[in-house]
Amino acid sequence: MIVLGLALALIGVFLFPQWLGPDRQVVSVREEPREEKKQPPTPQRVSYANAVSEATPAVVNIFTAKEVERNSESRNKNLPSSPIPRDPSIAPHLEKQTSLGSGVIVSPQGYILTNHHVVAGAEQIEVLLADGKQMSANIIGADPETDLSLLKVEAENLPTIVIGSSAKSRVGDIVLAIGNPFGVGQTVTQGIISATGRNQLGLNTFEDFIQTDAAINPGSSGGALIDANGRLVGINTAIFTRTGGSQGIGFAIPVNLARDVMRQLVEHGQVLRGWLGVEGTNISNELVTTYQLKDNHGVVITDVFPNGPAAEAGLQANDILLEIGGQSVTNVRNALNLIARSKPGDQLILRGVREDGEFETVAEVSVRPLEPQANATAEKTDN
């Protein structure tokens, strides 16, 4: 009887599982594979000495000097008041102003990449090599809109850095920053890539920064950001700081951008970028509704420069630009880059909408004029 009762109970549970109570949710999780217990591996010392020794000979210290005017009032503003009035006819006094930064030797023929703000306005530029040799440098060309300058020293067979590819850089990669912070001498700091493609920082017109927590300090501008194998992936440029020192948010110009700028500076002495002569702003949600757009991708034209390429092509204020050269426009920065990448003389097809409907026109790209730099929201790390 007992056996028969158990059998009937099992049959009942099989046919009516709800007798066991309410169903329970099963949560699947990803677990590491089970392995046989092994002896813990012998700890290995992690060192980047090989990468550092590969790259540091190509990183230089840069010292600049220029004369600036100082009038008698500014020289004596911290002195006690004098009963003798100052003579306004006294000519301003010229004082030598010095600053320091870093640079990277990218060619055995003496070409050195650095930041434009390190050498801007300098009347004298001295370069100190890692082996202690010092020599004068000249500016071959500058690109203020990316904050890059190319220097040259008269020397041969210089140690050069291996140029990597910033396109392969990933968030989490180990990086090392090499420079001359505060003038103490060549220094290496270590961190990771915290982010890529940083822009809208107000530092440069064209921004595509690598963000890193490797310490970058005043004097490190123009120095090398290298990967764990010693290859150049960026040019150290700026930091966000409240104290004047590193707070773990530094920015470097990607080496792919720096390499393109360097090539144009060697070939043309300047960077040639496309220009249409328009200003714009991003599309608001109200305009999406008004013009029955699919989304807020595009740019609203706010101003058209007289006699510029856009004006000659018939663009008007309040036009909405949706395509440039067959590529969709997402926002103002995207439009700026699409135009800038075009070569002077190129014919760009522009498509968009205005109050009376869709439009299509063709504009001939002109050479982009240099613009004054905006006030930076981060600090560039010269000293």
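Summary table
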item: For Ile235: the one exception among (1) of a type in the set (A, V, I, L, M); (2) outside any strand (DSSP E or B); (3) within 19 Å of Gly185 (Cα to Cα); result: (2)
item: Arg170 being part of a loop (DSSP other than H, G, I, E, B), out of contact with any Asp or Glu (no Cβ under 6 Å at 6 or more places or on another chain), modelled with pLDDT of 95 or more and of a type in the set (D, E, K, R); result: yes
item: Index of the failed condition, Asp143 passing every other in (1) closer than 17 Å to Val266 by Cα; (2) touching a strand residue (DSSP E or B) at 6+ places or on another chain (Cβ under 6 Å); result: (2)
item: Segments classed as strands (runs of 3 or more DSSP E), wholly inside the stretch 294-369, with at least 3 members that are under 29 Å from Leu201 (Cβ atoms); result: 299-304, 320-324, 347-354
item: Which listed residue, of Leu322, Leu293, is more than 24 Å from Gly197 (Cβ to Cβ) and not acidic (Asp, Glu); result: Leu293
item: Filter result for the condition that a residue is acidic (Asp, Glu) and in the same structural domain as Gly248 (by TED's automatic domain parsing), over Asp173, Asp131, Asp143; result: Asp173
item: Residues of the stretch 243-261 that turn out to be touching a residue at least 24 places away in the same chain (Cβ under 8 Å), under 16 Å from Ser165 (Cβ atoms) and outside any strand (DSSP E or B), as a count; result: 6
item: All positions within the stretch 111-167 that are under 24 Å from the mean Cα position of the chain (by Cα), of a type in the set (A, V, I, L, M) and surrounded by 19 or more Cβ atoms within 10 Å (Cβ to Cβ); result: Ile112, Leu113, Val118, Val119, Ala122, Ala142, Leu148, Leu150, Leu151, Ile161
item: Qualifying residue in the stretch 286-299 (condition: closer than 18 Å to Ile339 by Cα and of a type in the set (Asp, Glu)); result: no
item: Residue check, Gly250 within 11 Å of the chain's Cα centre (by Cα), crowded, with 19+ Cβ neighbours inside 10 Å, of a type outside the set (A, V, I, L, M, F, W, C) and under 28 Å from Arg341 (Cβ atoms); result: yes
item: Matching residues, the stretch 16-72, being modelled with pLDDT of 70 or more, among the small types (Gly, Ala, Ser) and over 30 Å from Val188 (Cβ atoms); result: Ser28
item: Check on Arg170, surrounded by 15 or more Cβ atoms within 10 Å (Cβ to Cβ), on the phi < 0 side of the Ramachandran plot and of a type in the set (D, E, K, R); result: no
item: Selection status of Ile139, over 19 Å from Pro181 (Cβ atoms), at pLDDT 95 or above and β-branched (Val, Ile, Thr); result: yes
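Table: residues versus (1) outside any strand (DSSP E or B); (2) in contact (Cβ under 8 Å) with a residue 60 or more places away in the chain; (3) not hydrophobic (A, V, I, L, M, F, W, C).
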| position | (1), (2), (3) |
| --- | --- |
| Gln200 | yes, yes, yes |
| Thr205 | yes, yes, yes |
| Ile216 | yes, yes, no |
| Leu225 | no, no, no |
| Thr241 | yes, yes, yes |
| Arg263 | yes, no, yes |
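The values are calculated or read from the model by the stated rules, or taken from the named source; none is laboratory data. This one's a predicted model, so the numbers in the text were calculated from it and none came from an experiment. So basically every Cβ, Gly included, is an ideal-geometry build from the backbone, and we count neighbours across all protein chains shown.
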